[in-house]
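**Q** Next up is a structure, given as structure tokens.
The values are calculated or read from the model by the stated rules, or taken from the named source; none is laboratory data. All values derive from a computational prediction rather than experimental measurement. Please note: Cβ atoms are built from the backbone with ideal geometry, for glycine as well, and neighbour counts cover all protein chains shown. Side chains are part of the model used for accessible areas, which takes the heavy atoms of the whole protein and leaves out ligands, DNA and RNA. Shrake-Rupley method; radii C 1.70, N 1.55, O 1.52, S 1.80 Å.
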Amino acid sequence: MPHRVHRIVPAVLGLLFLAAMPVKAADPAIDRLLQSPVGKDWVTNGGNLTNQRYSTLKQIDTSNVKRLKGAWMTRLKGSGFGGKYSFEATPLVKDGIMYIATGNDDVFALNAKTGEFLWERWSGIDQKLTSVCCGWDNRGLAMGEGMLFLGQLDANVVALDIKTGKEVWKTPIEVWQDGYGITSAPLYYDGIVYSGITGGEYGVRGRLTALDAKTGKILWRWHTLPAPGDVGGDSWPAGTDHYLHGGATIWNTPALDPQLGLVYFSVGNCGPDYDGANREGDNLFCASVVALKAKTGEYAWHFQEVHHDIWDYDAASPALLFDTVINGQPRKGIAQAGRTGWVYILDRTNGKPLIGIEERPVDQEPRQHTAKTQPFPIGNAIVPQCAQPLEGYERAGCIFEAFWEEPTLIQPSGIGGTNWSPMSYNADTGYFYVPGTVRTSAFARYGDQYKKGKQYNGGTQAAPIGSAMSGNWTAITATANKIAWQKNVPYRVGSGGGSTTTAGGLVFHGDPSGTIVARDAKTGEQLWQFQTGFGAEATPMVYEVDGEEYVAIAAGGNQSVGSANGDAVWAFSLKGQVNPLWPPPPPAMVAGPESGPIADGADTVKIGDNNVEFGYFPKRTRVKAGTVITFTNAGDTPHTATAFDHGRIGNWDTGVLNSGESKTITFDKPGNYYYICAPHPWMYGQIIVE
Ligand SMILES: [Cu+2]
């Protein structure tokens, strides 16, 4: 009976965590908060060690949430404001002070009651980094021992004095020139800082790194790509060096169970993303959830969500720990929302499915060395898992449809389902609140040579021009993996902001249109919305100062969705007086360049100009046959203009243009020429030749 379950669970969780205090903790106060239900302070990215993003505060509830207004809004001095950035960070709050990082890795301390600046630390990171695949981004901070910890896009982990913002130590995990970076918020617990690394699109070797919080010294690293002889090493072809550049990076903050002594994290895609031809085998630990011994980094267990991934079906959203009761038995759960559209629900003591996941035979393509079977969780997916046919495409299929060079339409697309965004869990309802992207990809493989520090994708998954894109929010039951409610929304969610839930019976989330929304946690009914003025694509958090409850969210857009850029942090409360801003331009609901003005006679196209890094200017141009068009990279990141014709790419191509470089292409024949950026296939342009 659901009612019984709901009352038991929070008690079990509280006891479990408080029972496991470290003996000689370096920061007992923070460790205690990390192990407790979240109250007035929010001291780590996921609220506490579980990543549940559940607040016990309930001053704001279903009956009064409609009265919420802005308590304050602060603009972060232009930090991370622009087309190359996404603003996805969750603020931390401790003792009335808010700490937040922007997409430029700058960190600000604000008075959490008023929004006033207390200190700021500008990262000074190199603006010419070429190793950022998916927008300049920093998902947040960790705190402990009087310091704040962050990972930077230049692959350094940094500790700042929490009182002043001054740098205490800085440890390079790798060099960005080799394709590495960090976008995840680290996790602090019991004297250790845990950090993931990105670069899955650049042929790197993924890993979790544990650092001594006091000194920044690296204590251990666990490679997500096993060397020959390591656990999982036989899931790669023998005698090859794939383990050195097969990707498998970590996009998000780990979770940790102090009682079991395990640290848990989700692992991203293999490289090259869409080309499995040279990496026969299951390719561990790509697209997996992994548990390690938290002190030593020793392997404990893994669960692979997608074998031999060729669809970019990462496990990118953070792993989440929860306790529940199934068939009368208390169970220790872990859940992860995959890009496949499923939530994977496992037993966190051993990595075995908690509800049931079946290995089923799937479509085969021998040239891709597709896995014979794939895991199918029992329960419901949150997004459609079959693509609709589209004119001009001969192949359309369902999840795990194999493909080679013939473009093949598949849902979910390679960006989800659920991409980087966190889901939340509310023990009162027993539901996970899962963000979803509904989008079709045209998958095609084209092979790729590994070159150190360069993009290494081996294919593409651009959305077909004219295809629809949208999003949804789904409540999934933790005991049966079934949809309890689902709400469709106009724009893609799941690439930026996630959800946060409260004891007030609410779920909060942002929206690419700029609103922050509150829903009834039981029914999904929208109870409140408020326009922040910028793409609200970060995960909200909840805190209390002087007896007043606040909900806060960063609003600065997301480059992969195309929502409005900004540099704002908003806090809301029942006593708030600040009114909403005007709505910014909304993002696209259809893929492609086909909206917007056509520049007549323009024979130059600038890429990444006007501080819009992932765009062409003009996006659409009309010229006479025989025109020579000059493509110039005016941005910071390497880009291409690559022909895109019904999913086929490359019958003309500028090749990679670094910042400042140009290339000319002559268009002799009348026609309609679409193009994309090969490394950023969500950038579209069009040349109409008459
Ligand atoms: Cu590009």
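**Q** Out of segment 591-606, which residues are more than 25 Å from the chain's Cα centre (by Cα) and within 16 Å of the ligand (Cβ to nearest atom)?
**A** V605, K606
**Q** Does segment 534-546 contain any residue that is under 19 Å from E116 (Cβ atoms) and out of contact with any Phe, Trp or Tyr (no Cβ under 8 Å at 6 or more places or on another chain)?
**A** Scanning segment 534-546, I find at least one residue that is under 19 Å from E116 (Cβ atoms) and out of contact with any Phe, Trp or Tyr (no Cβ under 8 Å at 6 or more places or on another chain), so the answer is yes.
**Q** Out of all the residues in segment 469-501, which are at pLDDT below 95 and of a type in the set (V, I, T)?
**A** Matches in segment 469-501: V493 only.
**Q** With E405, E391, E359 as the choices, which residue is farther than 30 Å from G466 by Cβ and either part of a loop (DSSP other than H, G, I, E, B) or charged (D, E, K, R) (or both)?
**A** E359
**Q** Also: Do we find that D609 is within 11 Å of the ligand (Cβ to nearest atom) and part of a loop (DSSP other than H, G, I, E, B) in this structure?
**A** no
**Q** Kindly indicate whether any position in segment 425-446 is part of a loop (DSSP other than H, G, I, E, B), modelled with pLDDT of 95 or more and among the small types (G, A, S).
**A** Within segment 425-446, one or more residues are part of a loop (DSSP other than H, G, I, E, B), modelled with pLDDT of 95 or more and among the small types (G, A, S).
**Q** Could I ask something else about it? Answer yes or no as to whether G466 is at pLDDT below 95, among the small types (G, A, S) and open to solvent by 10 Å² or more (accessible area, probe 1.4 Å).
**A** Spelling it out, G466 is indeed at pLDDT below 95, among the small types (G, A, S) and open to solvent by 10 Å² or more (accessible area, probe 1.4 Å).
**Q** Can you report the number of residues in segment 362-375 which are among the basic types (K, R) and either without any contact (Cβ under 8 Å) to a residue 12 or more places away in the chain or part of a strand (DSSP E or B) (or both)?
**A** 1
**Q** Among the residues that make up segment 472-489, is at least one of them among the hydroxyl-bearing types (S, T, Y), more than 17 Å from Q52 (Cα to Cα) and surrounded by 20 or more Cβ atoms within 10 Å (Cβ to Cβ)?
**A** Within segment 472-489, not a single residue is among the hydroxyl-bearing types (S, T, Y), more than 17 Å from Q52 (Cα to Cα) and surrounded by 20 or more Cβ atoms within 10 Å (Cβ to Cβ).
**Q** Can you name every one of the strands (runs of 3 or more DSSP E) wholly within segment 133-194 that holds 1 or more residues which are touching a residue at least 60 places away in the same chain (Cβ under 8 Å)?
**A** 142-144, 147-151, 187-189
**Q** Quick one: would you say T56 is touching a residue at least 40 places away in the same chain (Cβ under 8 Å) and in contact with a Gly (Cβ under 6 Å, 6 or more places away or on another chain)?
**A** Yes: the conditions hold for T56.
**Q** Next question, about the same structure. Scan segment 200-226 for residues that are assigned to a loop (DSSP other than H, G, I, E, B) and modelled with pLDDT of 95 or more and jot them down.
**A** Scanning segment 200-226 gives V204, G206, A213, K214, T215, G216, K217, T224, L225, P226.
**Q** Give me a count of the residues in segment 492-528 that are polar (S, T, N, Q) and part of a loop (DSSP other than H, G, I, E, B).
**A** Summing the residues that are polar (S, T, N, Q) and part of a loop (DSSP other than H, G, I, E, B) in segment 492-528 gives 3.
**Q** Could you give every pair whose Cβ atoms fall below 6 Å, whose first residue belongs to segment 276-304 and is farther than 30 Å from G458 by Cβ, and whose second residue is of a type in the set (S, T, Y) and open to solvent by 60 Å² or more (accessible area, probe 1.4 Å), counting only separations of at least 6 or pairs across chains?
**A** none
**Q** Sort out which residues of segment 327-345 are under 19 Å from N51 (Cα atoms) and crowded, with 24+ Cβ neighbours inside 10 Å, and write them in order of number.
**A** I334, A335, Q336, A337, G338, R339, W342, V343, Y344, I345 - these are the residues of segment 327-345 that are under 19 Å from N51 (Cα atoms) and crowded, with 24+ Cβ neighbours inside 10 Å.
**Q** Check P584 against each of (1) more than 30 Å from R67 (Cα to Cα); (2) more than 13 Å from the ligand (Cβ to nearest atom); (3) of a type outside the set (G, A, S); (4) crowded, with 21+ Cβ neighbours inside 10 Å and name the one condition it does not meet.
**A** The one condition P584 does not meet is (1).
**Q** Same structure, new question: Can we say T224 is crowded, with 24+ Cβ neighbours inside 10 Å and within 16 Å of the chain's Cα centre (by Cα)?
**A** Here the answer is no, as T224 does not meet what is asked.
**Q** Just one of the numbered conditions (1) modelled with pLDDT under 95; (2) buried (at least 20 other Cβ atoms within 10 Å of the Cβ) is not true of F285; which one?
**A** All conditions are met except number (1).
**Q** Give segment 369-392 a look and list any residue that's in contact with a Gly (Cβ under 6 Å, 6 or more places away or on another chain) and over 20 Å from T477 (Cα atoms), or say none.
**A** H369, the sole residue that qualifies.
**Q** Let me ask something else about it. Just to confirm my filter: which strands (runs of 3 or more DSSP E) fall fully inside segment 237-336 and include at least 2 residues that are of a type outside the set (A, V, I, L, M) and over 27 Å from G191 (Cα atoms)?
**A** Filter on segment 237-336 gives 299-304.
**Q** Which strands (runs of 3 or more DSSP E) does segment 74-131 wholly contain that include 3 or more residues that are buried (at least 20 other Cβ atoms within 10 Å of the Cβ)?
**A** Qualifying strands (runs of 3 or more DSSP E): 97-101, 107-111.
**Q** Let me ask another. Please specify each residue of segment 388-425 satisfying the condition of being open to solvent by 10 Å² or more (accessible area, probe 1.4 Å) and among the polar types (S, T, N, Q).
**A** Listed by number, the residues that qualify are Q388, Q411.
**Q** Kindly indicate the residue of segment 297-322 that is crowded, with 24+ Cβ neighbours inside 10 Å and among the acidic types (D, E) and also farthest from M423 (Cα to Cα) among those meeting that condition.
**A** Filtering segment 297-322 for residues that are crowded, with 24+ Cβ neighbours inside 10 Å and among the acidic types (D, E), the one farthest from M423 (Cα to Cα) comes out as D309.
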